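Working notes for the structure below.
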Ligand SMILES: Cc1cc2nc3c(=O)[nH]c(=O)nc-3n(C[C@H](O)[C@H](O)[C@H](O)COP(=O)(O)O)c2cc1C
């Protein structure tokens, strides 16, 4: 029987690879991605990539991922992913563009590497803080619009500063 909520170690000598179409639907998965996520390759193909989304992941990271790709830039970041058995694995992912021979954008690809244990502990704490901030911002949503909310969370993540720091800077201290 498989244990629930157990962490799976990502091997150092193998790359987890996936491709998606323009809408984040998986079009290719390598054997390592299938092994680590606990799915068969044909269970992954045709599914949205959020099939491996872990509930601990702050939403603003994915907003930032899609905004970065749409600006034509490569995104990289740390991601905690959900396995099919409820366990999880950490990766450092690089997501970039898939271009056909006529130079048309046809989708995206991601390559992932392992994350060392100290970094994983640090990320558990910083992502939990970021998620809490996002939840607080959702509560503030009656008086803050969505675009401002996204700008604040992106700034907070990019500059590794708390939301209160950013707001204090904007309004000044008394
Ligand atoms: C090439 C590519 C790879 C992705 N890899 C992952 C991944 O490993 N884990 C993940 O949670 N989301 C990944 N995403 C982002 C998902 O498409 C999605 O935005 C995210 O899971 C949040 O889903 P949700 O907004 O529906 O909750 C990837 C997107 C692309 C384009």
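Taking the DSSP beta bridges in the chain as the whole, what percent of them are antiparallel, to the nearest 5? Taking every DSSP beta bridge with both residues in the chain, the antiparallel ones total about 95 percent. Size estimate for the chain follows the Kirkwood approach: the inverse of mean 1/r over distinct Cα pairs works out to 17.5 Å.
With both labels modelled 7 Å from their Cα along Cα-to-Cβ, the residue 126 to residue 155 distance reads 1.9 nm.
Remark: spin-label model distance residue 53-residue 103 equals 3.4 nm, labels positioned 7 Å along the Cα→Cβ axis. For the pair residue 135 and residue 147 in one chain, pulling the backbone fully straight at 0.36 nm per residue adds 2.8 nm over the alpha carbon distance.
Using every pair of distinct Cα positions in region 16-116, the Kirkwood expression returns a hydrodynamic radius of 13.8 angstrom. Please report, to two decimal places, log10 I(q)/I(0) for region 78-145 at q = 0.13, 0.24 Å⁻¹ as given by the Debye formula with identical point scatterers on the Cα atoms and no solvent. Calculated log10 I(q)/I(0) at the listed q: -0.63, -1.00. Relative contact order for the chain: 23 percent, from Cα pairs under 8 Å spaced at least 6 residues apart, divided by residue count.
Bear in mind these aren't lab numbers, they're just calculated from the coordinates by the rules spelled out. Just so we're clear, the structure is a prediction, and the values are computed from it rather than from any experiment. When we count neighbours, we look across all protein chains shown, and the Cβ atoms used for this are built from the backbone with ideal geometry, even at glycine.
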